[in-house]
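Presented below is the structure to which this report refers.
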Amino acid sequence: MKYKKIEGEKEIAFIIYGIIEVRIPKKVYYRFARKYSDKDIITYCPHKNVYNAITKRRLYYIAEENDIPIIGHTAFGLIDRGTNLIQVRPCTGCNLNCIFCSVDEGRSKTRVTDYMVDVDYLVKKFKEIADYKREKCKDIRIEAHIDGQGEPFLYPYIKELIKRLHGIADIVSTQTNGTLLTNKDIGELEKYLDRINLSINSLDERKASLLAGNPSYNLNHVVNLAKEIANSEIDLLIAPVWLPGYNDEDIREIVRFGEEIGAGKKWKALGIQKYIRYRFGRNPKGVKPMSFKRFYQELERMGKGLRLYPQDFGIVRCREIPRKFRVGERLRVKIEMHGRIRGEMLAFARDRVIQVTDTNKGIGDFVDVEIVRNRHNIYVAKEIK
């Protein structure tokens, strides 16, 4: 365990792997320090608070021993949308602050909680879902796609996760903004990782920094990384978000760039994303979202093959794991954790996470709820008042 120790006025802080921040009151720390090493104190001290060192939000570290399910929420764990692709979300949090972010990540006004899932737990549950799908859908090729509400490469165990998923899934892919990856990482992962979906939203340094919401964004690093990936055994898909009025001409330049460096050896080279307004996302001033009809027409004008379909990536329908609750079902649950946004709390039942929205209940409270969403085993409930 790599950590940095910082002594404050009232607390001792340990920054673990550059992202997990454990804060322990000084009096408690020095009492434990007489008998235990720092590593033991970090692990076993009951009087501690855990935060995301990047976002400074409270952080829940979720392991199997905690009896916290990792199916049921969109922010962490595993998501099965009824295809051969299983989404793997190991953590939340981001080192950028993109002005169009659909989940308001980075320096957020709406996100109040972060989550991180133990790698052993993720791999175990992923295998269970993969085995179920292979049993129900013969000759299916399972893809593990590592994504999330944030930057997956902030996850301190990302390389181990990729390598272990490689032993279970037929295809392992991930999304990333590329800022935390190095050429050395690409060389280490090319035996285990099949595709990287890389976010590049402009090839103009000033505009790229603006879109990233971070003046220190290093476009040159990301561009060189794209070339390194294209020259490796890992397939490269460049995935810009098209913001009308911001990067219209940039999209065309990115298309040419992808062609020049040889992106998309096995799958499509470009995955241009339509900007969509979300209730809790960021909505840049002056951006008027295109309709889907116009968006697809514009892609056709730029070149054939820019519109993506599930079959382009071998994505096919496959039996979804059974749902545990029906819409309209009422039950009494205990609030166990803070939710991702204000007014949301989390409860657990039948090995699933339930998002209880618009509630003022606290940890340990019992509440009567009604399930209002169960699509893809993602459960949202309203408090019955």
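Just to verify a result, which residue in region 209-262, among those that are free of Cβ contacts under 8 Å to residues at least 40 places away in the same chain and part of a loop (DSSP other than H, G, I, E, B), is surrounded by the most Cβ atoms within 10 Å (Cβ to Cβ)?
Asn218
For the condition in contact with a Leu (Cβ under 8 Å, 6 or more places away or on another chain) and farther than 30 Å from Arg350 by Cα, what is the one hit in Asp312, Asp250?
Asp250
Arg319 is checked against (1) in contact (Cβ under 8 Å) with a residue 24 or more places away in the chain; (2) surrounded by fewer than 17 Cβ atoms within 10 Å (Cβ to Cβ); (3) part of a helix (DSSP H, G or I); (4) not aliphatic (A, V, I, L, M) and fails just one. What number does that condition carry?
(3)
Residue by residue, here is whether (1) in a helix (DSSP H, G or I); (2) in contact with a Leu (Cβ under 6 Å, 6 or more places away or on another chain); (3) touching a residue at least 12 places away in the same chain (Cβ under 8 Å) holds:
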position: Tyr296; (1), (2), (3): yes, no, no
position: Leu299; (1), (2), (3): yes, yes, yes
position: Lys304; (1), (2), (3): no, no, no
position: Val369; (1), (2), (3): no, no, yes
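Return yes when Tyr3 is closer than 22 Å to Met345 by Cα and either of a type in the set (Ser, Thr, Tyr) or surrounded by fewer than 12 Cβ atoms within 10 Å (Cβ to Cβ) (or both) and no when it is not.
Details: closer than 22 Å to Met345 by Cα: no; either of a type in the set (Ser, Thr, Tyr) or surrounded by fewer than 12 Cβ atoms within 10 Å (Cβ to Cβ) (or both): yes.
Taking the combined requirement at face value, the residue does not satisfy it.
If you check Ile238, Ile276, Ile261, Ile272, which single one turns out to be under 21 Å from Ser202 (Cβ atoms), over 24 Å from the mean Cα position of the chain (by Cα), outside the structural domain of Glu370 (by TED's automatic domain parsing) and of a type in the set (Val, Ile, Thr)? Give the steps one after another, and end with the answer.
On the way: Ile238 fails: over 24 Å from the mean Cα position of the chain (by Cα); Ile276 fails: over 24 Å from the mean Cα position of the chain (by Cα); Ile272 fails: over 24 Å from the mean Cα position of the chain (by Cα).
None of the others qualify; the one that does is Ile261.
Being modelled with pLDDT of 95 or more, outside any loop (DSSP other than H, G, I, E, B) and either over 19 Å from the mean Cα position of the chain (by Cα) or not assigned by TED's automatic domain parsing to the domain that holds Leu346 (or both): is that true of Ile86 here?
Working: modelled with pLDDT of 95 or more: yes; outside any loop (DSSP other than H, G, I, E, B): yes; either over 19 Å from the mean Cα position of the chain (by Cα) or not assigned by TED's automatic domain parsing to the domain that holds Leu346 (or both): yes.
So Ile86 fits the description; yes.
Go through (1) assigned to a loop (DSSP other than H, G, I, E, B); (2) modelled with pLDDT of 95 or more; (3) charged (D, E, K, R) and name the single condition Asp139 misses.
Asp139 satisfies all of (1) assigned to a loop (DSSP other than H, G, I, E, B); (2) modelled with pLDDT of 95 or more; (3) charged (D, E, K, R) except (2).
I need a count of the residues in region 183-201 that are in contact (Cβ under 8 Å) with a residue 40 or more places away in the chain and either in a loop (DSSP other than H, G, I, E, B) or more than 17 Å from the chain's Cα centre (by Cα) (or both). Steps first, answer last, please.
Our first condition is that a residue be in contact (Cβ under 8 Å) with a residue 40 or more places away in the chain; within region 183-201, this holds for 183, 186-187, 189-191, 193-201.
Filter again for either in a loop (DSSP other than H, G, I, E, B) or more than 17 Å from the chain's Cα centre (by Cα) (or both), leaving 183, 186-187, 189-191, 193-194, 199-201.
Number of matching residues: 11.
Scan region 258-274 and give yes if some residue there is aromatic (Phe, Trp, Tyr) and under 30 Å from Tyr379 (Cβ atoms), otherwise no. Break it down into steps so the answer makes sense when it comes.
At the first step, the residues of region 258-274 found to be aromatic (Phe, Trp, Tyr) are 267.
Next, from what is left, pick out any that are under 30 Å from Tyr379 (Cβ atoms): none.
Among the residues of region 258-274, not one is aromatic (Phe, Trp, Tyr) and under 30 Å from Tyr379 (Cβ atoms), which makes the answer no.
Which number in (1) touching a residue at least 40 places away in the same chain (Cβ under 8 Å); (2) crowded, with 18+ Cβ neighbours inside 10 Å; (3) assigned to a strand (DSSP E or B) marks the one condition that Glu105 misses?
Here Glu105 clears every test but (3).
Return only the number of the condition from (1) under 16 Å from Val22 (Cβ atoms); (2) touching a residue at least 12 places away in the same chain (Cβ under 8 Å) that Tyr44 does not satisfy.
(2)
Of all residues being assigned to a loop (DSSP other than H, G, I, E, B) and at pLDDT 95 or above in region 338-358, which is farthest from Arg107 (Cα to Cα)? Just the residue, please. It would help to see each step written out before you state the result.
Residues of region 338-358 that are assigned to a loop (DSSP other than H, G, I, E, B), as a first pass: 339-340, 342-344, 350-351, 358.
Pick out the ones that are also at pLDDT 95 or above and you get 339-340, 344, 350-351.
Values: Gly339: 17, Arg340: 14, Glu344: 19, Arg350: 34, Asp351: 32 Å.
So, considering only residues that are assigned to a loop (DSSP other than H, G, I, E, B) and at pLDDT 95 or above, the one farthest from Arg107 (Cα to Cα) is Arg350.
The values are calculated or read from the model by the stated rules, or taken from the named source; none is laboratory data. Just so it is clear, the model here is predicted, and its values are computed rather than measured. Because the Cβ atoms are built from the backbone with ideal geometry, glycine has one as well, and the counts that use them run over all protein chains shown.
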